[in-house]
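Asks: The following block contains the structure, expressed as structure tokens.
The values are calculated or read from the model by the stated rules, or taken from the named source; none is laboratory data. Keep in mind that this is a model prediction, so the values were computed, not measured. Neighbour counts are summed over all protein chains in view; Cβ atoms, including those assigned to glycine, are modelled from backbone coordinates with ideal geometry.
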């Protein structure tokens, strides 16, 4: 097995495809959740008190005291505070200012690291010898051969992968957020036209 083949065996296209599909599925689920939240906020209602006021009224009291010069009266100024509020008005949670949060995948990183090492070594040795002996009679011949061989092979491969994605909140779609139109008729009490505010 070669190092180049190991690098080719990394399923990088499959990793990219799987990550892209996972992001698409995640984005679809996030959008559906935000739309469901918007629908819930448009249906759920709450009673709110729009105005709370305090009326401060000055009051004058007097304090009397007697000293060597006679009786005296000193005015003391003060104030009374009277608090009240308007009647509760029913609003939807959207009218009250609660809007769903939308999220979007903005950045995705795929990182694959591989460390491959391969080592191969071999050694061989050959030793041969011969002896020749002559006797009276048949000739004797002796030979010896020593053969040594060794082979070492080692292979190691390490790999790691990192998938990182960034999720950030984004403004809701313009058509999904309702326009809030406020008509102020108070100027009509002074003979003026009402004011209209669109937010």
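Asks: Which members of segment 98-115 meet the condition of being surrounded by 11 or more Cβ atoms within 10 Å (Cβ to Cβ) and either modelled with pLDDT under 85 or more than 30 Å from residue 12 (Cβ to Cβ) (or both)?
Replies: 98, 99, 100, 101, 102, 108, 110, 112, 114
Asks: Also, quick follow-up: In the list 56, 49, which residue meets the criterion of being more than 21 Å from the chain's Cα centre (by Cα) and modelled with pLDDT under 85?
Replies: 56
Asks: Another question about this same structure. Where residues in segment 156-180 are under 19 Å from residue 95 (Cα atoms) and either touching a helix residue (DSSP H, G or I) at 6+ places or on another chain (Cβ under 9 Å) or modelled with pLDDT of 75 or more (or both), which of them is surrounded by the fewest Cβ atoms within 10 Å (Cβ to Cβ)? Steps first, answer last, please.
Replies: Filtering segment 156-180 for residues under 19 Å from residue 95 (Cα atoms) gives 171-180.
Right, trim to either touching a helix residue (DSSP H, G or I) at 6+ places or on another chain (Cβ under 9 Å) or modelled with pLDDT of 75 or more (or both) and you get 171-172, 176-178.
Details: 171: 10, 172: 16, 176: 13, 177: 14, 178: 12.
Among them, the one singled out is 171.
Asks: If residue 13 meets every condition in (1) surrounded by 10 or more Cβ atoms within 10 Å (Cβ to Cβ); (2) out of contact with any strand residue (DSSP E or B) (no Cβ under 9 Å at 6 or more places or on another chain) apart from one, which number is that one?
Replies: (1)
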